[in-house]
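I have placed the structure first, in the form of structure tokens, so that the comments after it can refer back to it.
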Amino acid sequence: MIHSLFIINSSGDVFMEKHWKSVIPRSICDYFFDAQRKANNNEDIPPVITTPHHYLLSILRSNLFFVAVCMTEVPPLFVIEFLHRVVDTFEDYFGECTESIIKEHYVVVYELLDEMLDNGFPLATESNILKELIKPPNILRTIANTVTGKSNVSATLPTGQLSNVPWRRSGVKYTNNEAYFDVTEEVDAIIDKAGGTVTAEIQGYIDCCVKLSGMPDLTLTFMNSRLFDDISFHPCVRLKRWESERVLSFIPPDGNSRLLSYHIGPQSVVAIPVYIRHNISFRDVGGGRLDITVGPKQTMGRVVEGVVLEIPMPKCVLNCNLTVTQGKYTFDPVSKLLNWNIGRIDPTKLPNMRGNISVQSGSPPPESNPIINVQFVVTQRALSGLKVNRLDIYGEKYNPFKGVKYVTKAGRFQVRT
């Protein structure tokens, strides 16, 4: 199935490779580099590239490309999901997944890849199982392994590997039992020049941090579970009970995990939490003017924070001389990117940015105005209206600490000007 994995940095250097079957030369990545040169940006690179004898499947995470090489036809989403699971495992082990971190922990990375894939087929991808097999690195363990010559790999098979609950190890004990759930929703939207919504979708997911002793059985119910359009569950969720009762019933993984991902399509009414009043104009002579105001909208009293506006200016723009009432702005004359970092919006005093735009002399005005990319965060509210009703625990006699947190943030959120 998967023969090789190449990890490529933003400069186009293959700084790590792993082969499970035959060794495939690095020159196979030239097909990927050709596709990269043809794409307008890194996100436009096709995830599946066909070559005369191989298939290249790639993802972009943390500014790194993970390119898997297959020699036969495989379900592409299966390989892409595995690549995302590899990155999630690296982040779980090392805190982040960057080139310097991977180079610092080469040994552990190769050990993980050996366990996650067996002869090209996924084997152990659950974090709990991997942590029993390969101990996460720390300073004391690194020093001890250097002195004694031992490795991080355990000599015994994990307790959950052969059970029917492979995502949870047996004999778990905690002094404080707790279960916390994070409901996060990302809004992908396009807003037209008049402020109307062209399209709006929500990509949501529920992450859980469960630290419970024993083998508890949980049920999670929602106030309005009919909102979900398309759902992807963790293997621990009992699918038949969800289909019949709309109740999440599961034996939770130990520690952090993603319980489910869901999608709410454009046919549903999505309340946009911010509005932008904008006036960007370019004249034939003398440059242009810019006036932008940002305000909250339909937030149910919640504060909009972490607001950032990015405006890719036309190539003819030389500089921007602007005045802001809140936050600060920067303009990069090389990439032509105008960035306005606002922070938290005060509804009583809306942030405004206005001023002049300098353009090259003699250049015609741009054919179209730039788009505005918006980032924001709204805490303690799920934009879809999703709410957790209750969490029940069976099979254990303790009363754990329980909590749910809601966060809404911008995904691909664009405003046309």
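Yes/no matrix, rows are residues, columns are (1) out of contact with any His (no Cβ under 7 Å at 6 or more places or on another chain); (2) at pLDDT below 90:
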residue: GLY171; (1), (2): yes, yes
residue: PHE181; (1), (2): yes, no
residue: CYS208; (1), (2): yes, no
residue: ASP230; (1), (2): no, yes
residue: VAL237; (1), (2): yes, no
residue: LEU248; (1), (2): yes, no
residue: PRO266; (1), (2): yes, yes
residue: VAL269; (1), (2): yes, yes
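VAL165 meets each of the listed conditions (1) in the same structural domain as VAL388 (by the TED database); (2) touching a residue at least 40 places away in the same chain (Cβ under 8 Å) apart from (1). In the set ILE24, ILE28, ILE7, only one residue is in a loop (DSSP other than H, G, I, E, B) and open to solvent by less than 20 Å² (accessible area, probe 1.4 Å); that residue is ILE24. Looking only at residues of the range 113-125 that are under 23 Å from the mean Cα position of the chain (by Cα) and open to solvent by 30 Å² or more (accessible area, probe 1.4 Å), we find that the one that is nearest to MET1 (Cα to Cα) is PRO122.
Selection of first residues in the range 349-377 that are within 18 Å of THR323 (Cα to Cα) and touching a residue at least 60 places away in the same chain (Cβ under 8 Å) and of second residues that are surrounded by 14 or more Cβ atoms within 10 Å (Cβ to Cβ) and among the acidic types (Asp, Glu), restricted to Cβ pairs under 7 Å at least 6 apart or on distinct chains, gives the following pairs, ordered by first then second residue: ARG354/ASP291. Going through the range 93-112 one residue at a time, which ones are touching a helix residue (DSSP H, G or I) at 6+ places or on another chain (Cβ under 8 Å) and crowded, with 17+ Cβ neighbours inside 10 Å? Result: TYR93, PHE94, CYS97, ILE102, HIS105, VAL108, VAL109, LEU112. Listed by position, the strands (runs of 3 or more DSSP E) contained in the range 228-288 that have at least 3 residues being without any contact (Cβ under 8 Å) to a residue 60 or more places away in the chain and either touching a helix residue (DSSP H, G or I) at 6+ places or on another chain (Cβ under 9 Å) or not basic (Lys, Arg) (or both) are 230-233, 248-250, 255-264. Here are some conditions: (1) among the hydroxyl-bearing types (Ser, Thr, Tyr); (2) under 20 Å from the mean Cα position of the chain (by Cα); (3) open to solvent by 60 Å² or more (accessible area, probe 1.4 Å). THR72 meets all but one. Which one does it not meet? All conditions are met except number (2). Taken over the range 168-219, the criterion of being open to solvent by less than 10 Å² (accessible area, probe 1.4 Å), in a loop (DSSP other than H, G, I, E, B) and assigned by the TED database to the domain that holds SER232 is satisfied by LEU212, PRO216. Inspect the range 5-26 for any residue being touching a Cys at 6+ places or on another chain (Cβ under 6 Å) and in contact (Cβ under 8 Å) with a residue 40 or more places away in the chain and give the result as yes or no. Yes, some residue in the range 5-26 is touching a Cys at 6+ places or on another chain (Cβ under 6 Å) and in contact (Cβ under 8 Å) with a residue 40 or more places away in the chain. Taking TYR406, is it open to solvent by less than 70 Å² (accessible area, probe 1.4 Å), in contact with a Lys or Arg (Cβ under 8 Å, 6 or more places away or on another chain), in a strand (DSSP E or B) and not β-branched (Val, Ile, Thr)? In short, yes. Among the residues of the range 200-254, count how many are more than 25 Å from the chain's Cα centre (by Cα) and acidic (Asp, Glu). The number of residues fulfilling the criteria is 3.
The values are calculated or read from the model by the stated rules, or taken from the named source; none is laboratory data. Keep in mind that what you see is a predicted model, and the values were worked out from it rather than measured. Cβ: placed from backbone, ideal geometry, glycine included. Neighbour counts: every protein chain shown. Heads up: the accessible areas ignore ligands, DNA and RNA and are worked out on the full protein's heavy atoms, side chains in. Shrake-Rupley method; radii C 1.70, N 1.55, O 1.52, S 1.80 Å.
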